[in-house]
1. Take C:Ala200 and decide whether it is closer than 30 Å to C:Pro281 by Cβ and in the same structural domain as C:His254 (by TED's automatic domain parsing).
2. Among the candidates C:Gly31, C:Gly38, C:Gly69, C:Gly103, which residue alone is within 28 Å of C:Asp169 (Cβ to Cβ) and modelled with pLDDT under 85?
3. Test D:Arg167 against the stated conditions and say whether it is among the basic types (Lys, Arg), over 30 Å from A:Cys271 (Cβ atoms) and in a loop (DSSP other than H, G, I, E, B).
4. In the range A:264-279, which residue that is of a type outside the set (Gly, Ala, Ser) and assigned to a strand (DSSP E or B) is nearest to the chain's Cα centre (by Cα)?
5. Report yes if A:Gly38 is surrounded by fewer than 17 Cβ atoms within 10 Å (Cβ to Cβ) and in contact (Cβ under 8 Å) with a residue 24 or more places away in the chain, otherwise no.
6. Give the range D:292-316 a look and list any residue that's surrounded by 17 or more Cβ atoms within 10 Å (Cβ to Cβ), farther than 14 Å from D:Asp262 by Cβ and not aliphatic (A, V, I, L, M), or say none.
7. Give just the number: which of (1) surrounded by fewer than 19 Cβ atoms within 10 Å (Cβ to Cβ); (2) closer than 25 Å to C:His178 by Cα; (3) touching a residue at least 24 places away in the same chain (Cβ under 8 Å) does C:Met75 not satisfy?
Protein chains: 4
Amino acid sequence: MPSDASSTAPTRFAFLGPEGTFAEAALGMLGASAQGSGRPESSVAAALAGVRAGEYDAALVPMENSVEGSVPATMDGLVSGDPLVITREVFLDVAFVLAVRPGTTAAGIRTVASHPHALAQCRGRIAALLPDADVVVAASTADAARRVAAGEWDAAVCAPIAASRYRLDALDTDLADHPGAVTRFVLAARPGPLPSPTGADKTTVTVVVPDRTGALLDLLAEFAVRGISLTRIESRPTRERLGVYSFSIDCEGHVADRRVGDALAALHRLCAEVRFLGSYPRADAQPAKPVPERAGDAAFTEAEAWLARIREGSAA
Amino acid sequence: MPSDASSTAPTRFAFLGPEGTFAEAALGMLGASAQGSGRPESSVAAALAGVRAGEYDAALVPMENSVEGSVPATMDGLVSGDPLVITREVFLDVAFVLAVRPGTTAAGIRTVASHPHALAQCRGRIAALLPDADVVVAASTADAARRVAAGEWDAAVCAPIAASRYRLDALDTDLADHPGAVTRFVLAARPGPLPSPTGADKTTVTVVVPDRTGALLDLLAEFAVRGISLTRIESRPTRERLGVYSFSIDCEGHVADRRVGDALAALHRLCAEVRFLGSYPRADAQPAKPVPERAGDAAFTEAEAWLARIREGSAA
Amino acid sequence: MPSDASSTAPTRFAFLGPEGTFAEAALGMLGASAQGSGRPESSVAAALAGVRAGEYDAALVPMENSVEGSVPATMDGLVSGDPLVITREVFLDVAFVLAVRPGTTAAGIRTVASHPHALAQCRGRIAALLPDADVVVAASTADAARRVAAGEWDAAVCAPIAASRYRLDALDTDLADHPGAVTRFVLAARPGPLPSPTGADKTTVTVVVPDRTGALLDLLAEFAVRGISLTRIESRPTRERLGVYSFSIDCEGHVADRRVGDALAALHRLCAEVRFLGSYPRADAQPAKPVPERAGDAAFTEAEAWLARIREGSAA
Amino acid sequence: MPSDASSTAPTRFAFLGPEGTFAEAALGMLGASAQGSGRPESSVAAALAGVRAGEYDAALVPMENSVEGSVPATMDGLVSGDPLVITREVFLDVAFVLAVRPGTTAAGIRTVASHPHALAQCRGRIAALLPDADVVVAASTADAARRVAAGEWDAAVCAPIAASRYRLDALDTDLADHPGAVTRFVLAARPGPLPSPTGADKTTVTVVVPDRTGALLDLLAEFAVRGISLTRIESRPTRERLGVYSFSIDCEGHVADRRVGDALAALHRLCAEVRFLGSYPRADAQPAKPVPERAGDAAFTEAEAWLARIREGSAA
């Protein structure tokens, strides 16, 4: 965790607020390490800024969604500004309910409110269920629920946790046009002692790739020659120059692993910019692939010892 | 163009409606080839479905945005269902205005409406300018303008084209939190004669990469060994299986070019699935890189002739 | 075979003469196809020149030896001058005997003669057995035997076939310092119909590699991306320029195989010079590796058909 | 140099004897470092064995010849047995003369003697000049000259240095069939302090490559990703198993260079066997290519420092 290991102070978390959102539900999934206070923030940018300013120890922010793809605010927010690293990841099933005050029927719904992304994911179902209702944007799914409870609007598209918190009824569940959506949240903190390797870890890095044929291939070769699989690669245009791309990459393993550390050091030599965004336990269902013998720490250690011997001129 | 070459019938276009959106502005940029009728559709899915059903000859849909990243509805919509190919691309500067009925002042705005993505891109400025206004979701930016003109809401965040179409005043311009945003639109049509190579083309393809270390590298090597630069690569999780990724790739060149055709044929051998999404003139400011001599069509033709000779047993 | 398919004329072979050498023994191993006349030549260069001039249909020449390495005269002789192709290979166990006239004892040997290469391979044993004998160079191992029979010298280091041909006794056998030597002979002919693919073939090619970092890697990538194993690779300095290397390469498969043909065509584009030196049945003990599905002819044919479809604009 | 740095004892060299051979001429080219005694040995194996046994400090042996190719006795002799490393290389122009006792004319030559390799390189010219002479093998070119001086034979094919040493006349010069031959000699010593990097160095290594498609490519990729050019690569069959090849490789740079050391350590992980055969100043006319910035020692040092920082969790 980002806080000092000897500290007993509770950890201060920022999440996308207000209370009752998916982000709070994800925060609940952090379990034991989440002992501490969670405080809602109005945007990813605000949450990350709060961590950078020292107001929070960490921020839980959405990184990608199986329907909507990556979350640009998080991708960009992690890379711009002072360094932050990911120390945890959480996968949350995203299920939307149509929350109303007890007694409200579908026919009585004139306004339905939610966060723009939730509205986008449920557009088809909302149009089918409530063809005549006005669709109103709220600052968050939970904010929509709160204002429905207050009588301002008639229905909210929100997380189950928000419905129960505001004592609303779920008139309909699984409201998403593509059910089974999963959102990956990451916990971002200021640099500090890294999470210990667990044997099933992930490392996240962003690099700026030079604009020449084969540059990306050279970069990926640095992973491949060390037997490291990538679990995600995504290009992001850099705002400075056309044709210069930034790549956001997740790979297997921990920077403390020799093969991963060596690959990252190679990227540092190859690329104009590399930003290390953390090594942390992987939370997805995918088991780690066995590390080939030639890419294990022991192979690196032996090779290094051998190199030292031949450099010294002893009989290797 | 997607229509039959001998046809003189005007082309029927779908775009994200209603009239007055950025999509219509992009449609205007298609120039001479856009002779024909444009009809608004309510969603990317609906526009692409209309093309597949033969109601339209082509649909102009947003592919990626320099702020928001790729547009999942388009990425997924092109890949799922009957084949579609991209025949054109257009880059459009995205500038939002705050459109009001003549005479309205900032103080008089109680409701501000727009499409969720526009609201997301302008959130900061809206909050600063109109801290007390309700933010309302509309089906599109133009729909917001239309309903402001109709007196339903007080202000719309929309394209300049929509403001002028509905005779609204721009109370503020450049409303986006990150000015300078560009959206890349693509024109999707049913398969048909491909656009002729122009010497500065792009080819789009999606592939499903096997889940083994180095598989992506092998795939990229097929481009690199033929001297082909990638201009975009993006991973998309496949919904079927964790760990199996789909990659959406734009590369330089036209499938009619020997090097590009050969690379695509190699992908067909390597990957579980390959979907060709078109070759079309590139519209960005980036000039095409010179093709290395060894990767030009002449080099392929000579090599093929040489191969034929040695296979026949003639003195090569 | 190099001769015209419809011809019934016996094949005329050149081998390294005179009769009684290993080359003649190798010629015997050609079996049915060797129906024809064999004529000795004094050097690899002379044998190959005779084929080029049409005096012979083919020449059986040594390509490499497990002790001495490659045979420069053959390597260079195949590459310089009019095209020749390899149509067969033969592996011959090389066992030297010490041949003497009946009645001669070790103590009575004052001169021991052989071809320089044979002398080089048996130097240790000769020095041990006959420390005081003069070592004399003969034009060939068989020539040494012939002249021993004629009483000119006392002992010859030669093949068993030469000893028996000249009615000499083998005073000692397995004379080589490194027993178990194998020589690979190849049958070189003028270009003509290639040997049919057998499913276990080899292809030989020489290429001149440009003098830049990674050039060799690019070249080898053309084999690897198509799943083709190399069975031999050897650099040869080119006489023209320092730093420019020629590589002699044997790979699995037949040029009629799609993957091999494609790889060779790619080399033709990449390299200043490529010379095809034949596809022929492999004669070593090594079974052919199974061709990965993605590299089989069917995969190429399907990929090509798919490419043709997408180029035509039909729904692939 | 191989001897102890603090030692002032003269260095003891072995070379291929006797005196008057090309090897002695090459020894002369070692210049200042050759202060010491040179002693002839009868074979490469004997010279290397003498170094291994401590009788010599170093042996000067031929590694490759631009006409004959590599010298198997040296290639194999360096790899088998206790470790030896190359500490110097020398390129020697090989020019043969036809040496006779003063007064001898071509017509008077009945026997012409030399080392088998010299005879092989001059075969054509000897046959033309002396069609009727017996060709006799000598232990070395110098031995031939010595015995011509002693009246045993009539002519020797030898180095100019041997002719003058034995007061013979050169009846003909440039006797080689391919003039302009160059032999590369290397100085092999027991492991000890390596020659200091000079900025234009070479490193020699042999590796045993696993028998799987792409194994050689993986190996070469380790050089290419670090921007290291190969100057020689040659396959040698391993005697143990068919299909398992050993590769002898020369690359640019010194093992003390970060990029070279890292590449060698990677080979150690990848390959069943790696034998380091030395880093030493390059002696050929080829200037060293500039090291790309990303492959320079500074880039490695910075990357390593960066890696240490991110592993510690400090803001990189």
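1. On the way: closer than 30 Å to C:Pro281 by Cβ: yes; in the same structural domain as C:His254 (by TED's automatic domain parsing): yes.
When the stated conditions are applied, C:Ala200 passes them.
2. Among C:Gly31, C:Gly38, C:Gly69, C:Gly103, only C:Gly38 is within 28 Å of C:Asp169 (Cβ to Cβ) and modelled with pLDDT under 85.
3. Against the criterion (among the basic types (Lys, Arg), over 30 Å from A:Cys271 (Cβ atoms) and in a loop (DSSP other than H, G, I, E, B)), D:Arg167 qualifies.
4. Taking the range A:264-279 and keeping what is of a type outside the set (Gly, Ala, Ser), we get A:264, A:267-271, A:273-277.
From what's left, assigned to a strand (DSSP E or B): A:273-277.
On the way: A:Glu273: 21, A:Val274: 19, A:Arg275: 16, A:Phe276: 15, A:Leu277: 11 Å.
Restricting to residues being of a type outside the set (Gly, Ala, Ser) and assigned to a strand (DSSP E or B), the top hit is A:Leu277.
5. Details: surrounded by fewer than 17 Cβ atoms within 10 Å (Cβ to Cβ): no; in contact (Cβ under 8 Å) with a residue 24 or more places away in the chain: yes.
Criteria not met by A:Gly38.
6. Taking the range D:292-316 and keeping what is surrounded by 17 or more Cβ atoms within 10 Å (Cβ to Cβ), we get D:294-296, D:299-300, D:303, D:306-307, D:310-311, D:313, D:316.
Checking which are farther than 14 Å from D:Asp262 by Cβ leaves us with D:306, D:310-311, D:313, D:316.
Listed by number, the residues that qualify are D:Trp306, D:Arg311, D:Gly313.
7. (1)
Residues are listed down the side, and each one gets a yes or a no for (1) in contact with a Leu (Cβ under 7 Å, 6 or more places away or on another chain); (2) facing another protein chain (nearest Cβ under 9 Å); (3) modelled with pLDDT of 85 or more:
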| position | (1), (2), (3) |
| --- | --- |
| D:Val274 | yes, yes, yes |
| D:Leu277 | yes, no, yes |
| D:Ala283 | no, no, yes |
| D:Pro287 | no, no, no |
| D:Glu302 | no, yes, yes |
| D:Ala316 | no, yes, no |
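The values are calculated or read from the model by the stated rules, or taken from the named source; none is laboratory data. Because the structure is a prediction, the values reported are computed rather than measured. Backbone-built Cβ (ideal geometry, glycine too); neighbour counts: all protein chains shown.
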